[in-house]
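The structure under discussion appears below in the form of structure tokens.
Just so you know, all these numbers are worked out from the coordinates, no wet-lab data involved. If you're wondering where the values come from, they're calculated on a predicted model, not measured in any experiment. Glycine gets a Cβ as well: all are built from the backbone with ideal geometry, and neighbour counts include every protein chain shown.
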Amino acid sequence: MTKRAEIVATLAIVVVAIIVVAMRIDGQPDRAAPFVPADPDADLVVDLPSADTLAMWYELGHRIGPEDAPIRIIEWGSYACSFCVEFAAAIDSVQRRFPNLISVTWLHALNPRRDLKGSDQFMAHATECVVDQIPFEALYKAVLLKGKRIDNRARLLAAASDLGVGDQRLLGACVDSWTHRDRVMRHAQLGEAAKVTSTPTWFLNETRV
């Protein structure tokens, strides 16, 4: 199976799982359970991150959707990833119909050995600067659903007003000084520890898919 076919198949499985659960709980929002960390001693320890690891991911990542959603997806992704774009469109469609059903926690998939070189690293850091001023969801939808480009400084600042960024000078200073360098590198280090080698990499209700 080619890499593309593998990702398409995985995406199809995730979407089908979401639809099946949606059909089961549609009209019954009170049945949604609060988040309970995965048991690190469970049988599928290879696919289940520890409770401490999950806590770090959730603290570091950016969430769209309710915290107590019955379907929780952790996505290690990149704005340059075409399948991340397709996945965002699929998730948006589900969220429009079932607004309390699903949440996505986004983590930047980066190579820690590249330090801060490359467009992925720039966009990851730009994200951290932008969300100092606006909700992550607005940026996520602008980039992945509407095709807004933020892969260099000029494009980022040109997009800032449309994104709702109020202080473009502050945004520029944040980007230029790499204010959130340590946070971006933390994404890279945790992704490497989780053996994230391609984008997107998904965890569905804390289980790798």
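Can you name every residue in the stretch 146-161 that is in contact with a helix residue (DSSP H, G or I) (Cβ under 8 Å, 6 or more places away or on another chain), under 20 Å from residue 119 (Cβ atoms) and assigned to a helix (DSSP H, G or I)? Within the stretch 146-161, 153, 156, 157, 159, 160 qualify. The residues in the stretch 176-190 that are surrounded by 19 or more Cβ atoms within 10 Å (Cβ to Cβ) and small (Gly, Ala, Ser) can be counted, and the count is 1. Put simply, of 193, 138, 154, 173 the only residue that is closer than 16 Å to residue 74 by Cβ, among the aliphatic types (A, V, I, L, M), out of contact with any strand residue (DSSP E or B) (no Cβ under 8 Å at 6 or more places or on another chain) and surrounded by fewer than 18 Cβ atoms within 10 Å (Cβ to Cβ) is 193. When restricted to residues that are surrounded by fewer than 21 Cβ atoms within 10 Å (Cβ to Cβ) and closer than 20 Å to residue 203 by Cα, the stretch 106-119 contains 1. Contact map, the stretch 46-66: residues that are without any contact (Cβ under 8 Å) to a residue 24 or more places away in the chain paired with residues that are surrounded by 17 or more Cβ atoms within 10 Å (Cβ to Cβ) and assigned to a loop (DSSP other than H, G, I, E, B), Cβ distance under 9 Å, separation 6+ or inter-chain. Pairs shown: 50/38; 51/38.
Put simply, of 196, 184, 143 the only residue that is in contact with a helix residue (DSSP H, G or I) (Cβ under 7 Å, 6 or more places away or on another chain) and not aromatic (Phe, Trp, Tyr) is 184.
Here residue 122 meets the list (1) closer than 20 Å to residue 59 by Cα; (2) crowded, with 19+ Cβ neighbours inside 10 Å almost entirely, failing just condition (1). Residues of the stretch 145-192 that are touching a Pro at 6+ places or on another chain (Cβ under 7 Å) and polar (S, T, N, Q): 189 alone.
In the stretch 180-198 there is no residue that is farther than 22 Å from residue 54 by Cα and not in a loop (DSSP other than H, G, I, E, B).
For residue 102, are the conditions met, namely being crowded, with 16+ Cβ neighbours inside 10 Å, closer than 17 Å to residue 75 by Cα and in contact (Cβ under 8 Å) with a residue 60 or more places away in the chain? So residue 102 passes the test. Contact map, the stretch 139-162: first residue under 15 Å from residue 125 (Cα atoms), second residue outside any helix (DSSP H, G or I), Cβ cut-off under 7 Å, separation 6 or more or different chains; pairs are 139/131; 140/64; 140/106; 143/79; 143/150; 155/149; 156/150. Within the stretch 148-171, the only residue that satisfies the criterion of being closer than 17 Å to residue 106 by Cβ and either small (Gly, Ala, Ser) or touching a Ser or Thr at 6+ places or on another chain (Cβ under 6 Å) (or both) is 151.
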